[in-house]
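I am attaching a structure below and will ask some questions about it afterwards.
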């Protein structure tokens, strides 16, 4: 029987996910603001990518909380959601 991750590991993983979410929020906001001021498509793409990465952090936080820790399907669902979140940027990159 698998006991699952230790409480210390979960605490560290959640903290890292929250720190990453905060960083991506600041990074994305600064990049999008700079993109608007400079009319830079590259900076806008970078800022949008930061938003996508922030969504991934939210998904990881969701996965590591509550009853999902013991769920046999939540890991697969989290992987699928992260994959979809990264595909969201593709149309913007393809058009630009």
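So how many residues does the range 78-96 have that are more than 22 Å from residue 6 (Cα to Cα) and out of contact with any helix residue (DSSP H, G or I) (no Cβ under 8 Å at 6 or more places or on another chain)?
Residues of the range 78-96 that are more than 22 Å from residue 6 (Cα to Cα), as a first pass: 80-96.
Those still in the list that are out of contact with any helix residue (DSSP H, G or I) (no Cβ under 8 Å at 6 or more places or on another chain) too: 80, 83-84, 87, 90-91, 94-95.
Residues meeting the conditions: 8.
Looking at 43, 10, 21, can you tell me which residue is within 21 Å of residue 84 (Cβ to Cβ) and in contact with a helix residue (DSSP H, G or I) (Cβ under 8 Å, 6 or more places away or on another chain)? Let's see the steps before the verdict.
Numbers: 43 fails: within 21 Å of residue 84 (Cβ to Cβ); 10 fails: within 21 Å of residue 84 (Cβ to Cβ).
Checking each option against the conditions leaves just 21.
So residue 62 passes all but one of these: (1) in contact with a helix residue (DSSP H, G or I) (Cβ under 6 Å, 6 or more places away or on another chain); (2) surrounded by 15 or more Cβ atoms within 10 Å (Cβ to Cβ). Which condition number does it fail?
Evaluating residue 62 over (1) in contact with a helix residue (DSSP H, G or I) (Cβ under 6 Å, 6 or more places away or on another chain); (2) surrounded by 15 or more Cβ atoms within 10 Å (Cβ to Cβ) leaves (1) as the failure.
Looking only at the range 17-54, filter to residues that are closer than 17 Å to residue 79 by Cβ and modelled with pLDDT under 90; which one of those is nearest to the chain's Cα centre (by Cα)?
The residue in question is 53.
May I ask you to list the residues in the range 19-59 that are in contact (Cβ under 8 Å) with a residue 40 or more places away in the chain and exposed (fewer than 14 other Cβ atoms within 10 Å of the Cβ)?
Hit for the range 19-59 is 41, nothing else.
The values are calculated or read from the model by the stated rules, or taken from the named source; none is laboratory data. Keep in mind it's a predicted model, so treat the numbers as computed, not measured. All Cβ positions, even for glycine, are placed from backbone atoms using ideal geometry, and neighbour counts span all protein chains on display.
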